[in-house]
Amino acid sequence: MTLDGRINQIKRQINERTQHPFLDRFIEKPDIDEDKIRILALMFEENGEYGDALQCITAVMLMQMALDMHDFVDNADFSQPLRQRQLSVLAGDYYSSQYYCLLSEAGAFSMIRSLARGIRLLNEEKVRLVQGTWQWPQFIHLIEKIEASLIIALADFLHLSDWVPFIQSYFAYKRILKEKNTWQSGRPSSFLRPLFHADMVKKSEFLARCDEFLLVLKERLEALMRQASGNHHIFHAFDPIWKAQDEVAPNSLAGEGF
């Protein structure tokens with residue numbers, strides 16, 4: 001099966017596993033990040049040890065959706081209907097139960113333990129982010145941990161630690177670019193909303209610093225890609241998604257010759 005065929009199969013399995021006639025009436029599901037599926041599929045291909053790779057990837061993406069669903073719940077935003085907040089929590093719990101079910105069926109118990117460490121780190125960094133006590137030089141590090149801890153935990157489990165710098169830099173870049181675009185367009189995402197509700201100064205500072213953060217990550221990724229040109233597997237994994245992402249880079253960066 002081709003890579004695109006595997007990605008489509010995983011997306012179908014995710015949609016089947018998240019279908020619920022009652023929940024689907026009232027809540028919107030988180031987006032499925034196809035880039036994460038692609039990277040996970042190529043990681044399992046590189047490792048070559050798991051016959052149930054598609055089931056494991058589906059499980060990991062279900063956990064990612066569970067975590068994203070819980071981000072929709074902002075306890076400081078009382079404009080959100082109580083039922084919607086309650087159902088969002090319930091949906092997140094339902095998706096995470098599917099994650100445990102799939103990995104248990106695959107007998108991937110050691111993988112569950114490894115991923116649990118990534119989930120714990122991710123949640124710890126989310127708490128730090130929302131508390132807002134950090135300084136701006138720490139911001140990229142926080143976003144890297146939140147966006148990539150789950151995949152990094154799997155990369156370590158699959159003995160692919162050399163993939164980690166690409167994973168954390170790419171998905172941090174993608175998240176910051178998305179947050180910049182959503183907040184500037186007046187359609188704020190749920191990711192940073194709790195932080196900005198608690199600290200409006202952080203919101204203005206974030207928007208002022210976005211291009212700086214994106215430039216740092218862009219230069220880091222381009223340096224990593226140059227270094228990886230001799231590593232066929234990593235370069236093959238990240239080059240197409242980075243080129244596609246770079247096409248939607250902020251105009252301010254494009255205007256500076258990047």
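Here are the numbers for this structure:
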read-out: Residue check, Asp52 within 18 Å of Ala108 (Cα to Cα) and open to solvent by 60 Å² or more (accessible area, probe 1.4 Å); value: yes
read-out: Residue list for region 168-186, restricted to those being of a type in the set (Gly, Ala, Ser) and under 11 Å from the mean Cα position of the chain (by Cα); value: Ala172
read-out: Subset of region 173-198 (residues that are within 20 Å of Thr133 (Cα to Cα) and open to solvent by 50 Å² or more (accessible area, probe 1.4 Å)); value: His197, Ala198
read-out: Residue that is surrounded by the fewest Cβ atoms within 10 Å (Cβ to Cβ) [pool: residues in region 66-75 that are out of contact with any Lys or Arg (no Cβ under 7 Å at 6 or more places or on another chain) and either over 9 Å from Tyr99 (Cβ atoms) or of a type in the set (D, E, K, R) (or both)]; value: Asn75
read-out: Residue in region 113-135 that is among the aromatic types (Phe, Trp, Tyr), open to solvent by less than 60 Å² (accessible area, probe 1.4 Å) and touching a residue at least 24 places away in the same chain (Cβ under 8 Å) present; value: no
read-out: Identity of the residue in region 83-112, among the polar types (S, T, N, Q) and surrounded by fewer than 17 Cβ atoms within 10 Å (Cβ to Cβ), that ends up farthest from Asp156 (Cα to Cα); value: Gln84
read-out: Qualifying position, being within 20 Å of the chain's Cα centre (by Cα) and either of a type outside the set (Phe, Trp, Tyr) or modelled with pLDDT of 85 or more (or both), among Glu247, Glu212, Glu219, Glu205; value: Glu247
read-out: Failed item in (1) at pLDDT 90 or above; (2) out of contact with any Gly (no Cβ under 7 Å at 6 or more places or on another chain); (3) not hydroxyl-bearing (Ser, Thr, Tyr), with Ala66 passing the rest; value: (2)
read-out: Some residue of region 91-105 being in contact with a His (Cβ under 6 Å, 6 or more places away or on another chain) and at pLDDT below 95; value: yes
read-out: When residues of region 199-246 are limited to those that are of a type in the set (A, V, I, L, M) and over 29 Å from Met43 (Cα atoms), the one surrounded by the most Cβ atoms within 10 Å (Cβ to Cβ); value: Leu207
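The rows are residues; the columns are (1) farther than 20 Å from Lys36 by Cβ; (2) not acidic (Asp, Glu).
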residue	(1), (2)
Ala198	yes, yes
Lys203	yes, yes
Asp211	yes, no
Ile234	no, yes
Ala244	no, yes
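The values are calculated or read from the model by the stated rules, or taken from the named source; none is laboratory data. Being a predicted model, the structure only gives us computed values, none of them experimental. Heads up, the Cβs are rebuilt from the backbone with ideal geometry, glycines too, and the neighbour counts pull from every protein chain shown. Surface areas here come from the heavy atoms of the whole protein model, side chains and all, with no ligands, DNA or RNA. Shrake-Rupley method; radii C 1.70, N 1.55, O 1.52, S 1.80 Å.
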